[in-house]
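Participant: Mind having a look at this structure? Questions to follow.
The values are calculated or read from the model by the stated rules, or taken from the named source; none is laboratory data. Because the structure is a prediction, the values reported are computed rather than measured. Note that we place each Cβ from the backbone using ideal geometry, even for glycine, and neighbour counts take in every protein chain shown. For accessibility, only protein heavy atoms count, side chains too; no ligands or nucleic acids. Shrake-Rupley method; radii C 1.70, N 1.55, O 1.52, S 1.80 Å.
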Amino acid sequence: MKTIITFSILLCAIAYPTYCEPPQNSVETDIAVIKTEIKNLKEAMEKGFDNMNQKIDKGFDNVQRTFDRQNNIIIACIGIPLAILAIGATVWGILTHRRTRKEDTLEKQIQTLTEEIETLKQQRILPS
């Protein structure tokens with residue numbers, strides 16, 4: 001029995017180093033697997049960053065559209081009343097100019113008529 005135990009211990013001691021040292025092909029395949037996994041992780045991270053950049057760009061686009069709408073509303077709220085006021089002022093100016101022209105012509109006509117009346121009074125010597 002002792003011989004069998006020693007013989008089996010001796011055989012295990014001889015065979016043990018072969019199990020401890022991995023074969024060269026196994027190391028190379030492990031390295032290849034690790035490289036592919038690293039490559040896959042890198043691609044996944046790049047896709048994730050690309051997706052994140054796209055989401056951020058979409059967010060900025062939405063913010064830009066919102067600001068554009070607000071700017072258009074502000075411009076409309078300020079610009080339309082100013083345009084109405086400008087048109088109204090122009091029309092008012094034109095109308096007042098016409099009135100003053102008409103008043104001036106009427107005053108000139110009144111003045112000429114009064115002068116004619118005065119000359120006629122002097123010619124006929126009408127009592128005043």
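Participant: For the stretch 70-128, which whole-number percentage of the solvent-accessible area (1.4 Å probe, protein heavy atoms only) is attributable to carbon and sulfur atoms?
Facilitator: In the stretch 70-128, the share of accessible area belonging to carbon and sulfur is 65 percent.
Participant: Another one. Give, rounded to the nearest 20 debye, the magnitude of the charge dipole that the stretch 50-128 has about its Cα centre when Lys and Arg contribute +1 at Cβ and Asp and Glu contribute -1 at Cβ.
Facilitator: 180
Participant: Next question. What net charge is computed for the residues neighbouring I94, neighbours being all others with C-beta under 13 Å from the C-beta of I94, Lys and Arg scored +1, Asp and Glu -1?
Facilitator: Local charge sum for I94: +4.
Participant: Pick out, in residue order, every one of the chymotrypsin sites (Phe, Trp or Tyr not before Pro) in the stretch 17-97 that is DSSP loop and has at most 10 other C-beta atoms within 10 Å; say none if there are none.
Facilitator: none
Participant: Also, quick follow-up: What is the percent of Cα-Cα separations in the stretch 74-128 that go past 18 Å?
Facilitator: 63
Participant: Let me ask something additional. Could you work out how far apart the two model spin labels at T114 and D61 are, taking each label as a point 7 Å from the Cα in the direction of the beta carbon, and quote it in nm?
Facilitator: Roughly 7.8 nm, to one decimal.
Participant: State in Å² the accessible area per residue of the stretch 52-94; use a 1.4 Å probe, count heavy atoms of protein chains only, and round to the nearest integer.
Facilitator: Value for the stretch 52-94: 89 Å² per residue.
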